[in-house]
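Reading through the structure tokens given below for one structure.
Read the figures in this text as sums done on the coordinates, not as results from a lab. Given the structure is predicted, the values throughout are model-derived calculations rather than measurements. Quick reminder, even Gly has a Cβ in these numbers, built from the backbone with ideal geometry, and neighbours come from all protein chains shown.
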Amino acid sequence: MAQQLILDLHPAPPPSLDNFVVGRNAAALDALRQCERGRAIYLWGPNGVGRSHLLQAVSASHEGYFHSAGSDPESLHRIATADTLNLPLVAVDDVQLLDAAGQAALFALYNRWRESAATRQAFALILAGDRSPMAMEVREDLRTRLGWDLVFRLEQLSDAERAEALCRRAAQRGLELSPDVISWLLTHHDRDMSRLTALVDALDRYSLARHRAITLPLLKDLLASSQP
């Protein structure tokens, strides 16, 4: 139970633009930092490149609305058809998962975004999907709108970039991860950087609690102790 609490009481920090590991995605990150009302950005790439991280981060930084597959399916329709829209930013994740009603709502939202771009009700529209606009399996009129403004392909981090990010995170906590620990993490654990960095934090706390140096056996002990 004590070992489990080490992980449970210290959740990963919420997604932010500052804790996103950039890699080869500097242009997309810069566009999100500079995004203003009236602009639209579409991000695409395979699972694990940080699409959801970036959309949640930019939504939080702008106090906007974030829509995901688990959101109320009617919310996009209400936003698109509301008499007034007081949101500075609307972010829609996993466009490829929208059903027919969701696609219709997003189409209407795009039209509202364009019509209001030069007015006081202008808002930024940030979207993400798993493929390029023209390759998206959505209704044709929505597919063309995905490419209306800025489009960025998000690139996967290389193993070297992941390793560098883990070493940097460890150094911030006064730790030094051995090559075998880093290699094991990159080949056997979740490749999502937010989860990897949370694991480094948990490993630091676990080593202090057990009064043991950070080694590969300690890492495996931590992971085993956190299982149900």
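Only Cα pairs under 8 Å and at least 6 apart count here; give the relative contact order of region 26-153 as a rounded whole percent. For region 26-153, the relative contact order is 39 percent. Using a cutoff of 8 angstrom between alpha carbon atoms and counting only pairs six or more residues apart, the relative contact order for region 96-203 works out to 20 percent. Sorting LEU29, LEU127 from the fewest to the most surrounding beta carbons within 10 angstrom yields LEU29, LEU127.
With contacts taken as Cα pairs under 8 Å and at least 6 residues apart, the chain reaches a relative contact order of 27 percent. By the compact-protein rule of thumb, 2.2 N^0.38 Å, the alpha-carbon radius of gyration of region 65-134 corresponds to a ratio of 1.05. Of all the options TRP113, TRP184, TRP148, the one that moves most in a Gaussian network model of the chain with Cα springs shorter than 10 angstrom is TRP184. Distance between the 7 Å Cα→Cβ label points at TRP184 and ARG114: 5.5 nm.
Each of ASP180, ASP201 was scored by other Cβ atoms within 10 Å of its Cβ. Listed from fewest to most, they are ASP180, ASP201. Legend: ranking of residues SER158, SER68, SER207 from fewest to most surrounding C-beta atoms inside 10 Å; resulting order SER158, SER68, SER207. The candidate values were [x] 29, 20, 18; [y] 39, 17, 16; [z] 34, 18, 14; the one computed from these coordinates for semi-axes √(5λ) of the Cα gyration tensor in Å carries the label [y]. Label ASP221 and GLN121 with points 7 Å out from Cα along Cα→Cβ: what is the distance between them in nm? Here the modelled spin labels are 6.2 nm apart. Taking region 26-153, how much of its Cα-Cα pair set, in percent, is spaced more than 24 angstrom apart? Tail of the P(r) past 24 Å holds 17 percent of the pairs. Using the Cβ-Cβ distance between GLN172 and THR84 with R0 set to 30 Å, the FRET efficiency works out to roughly 0.10.
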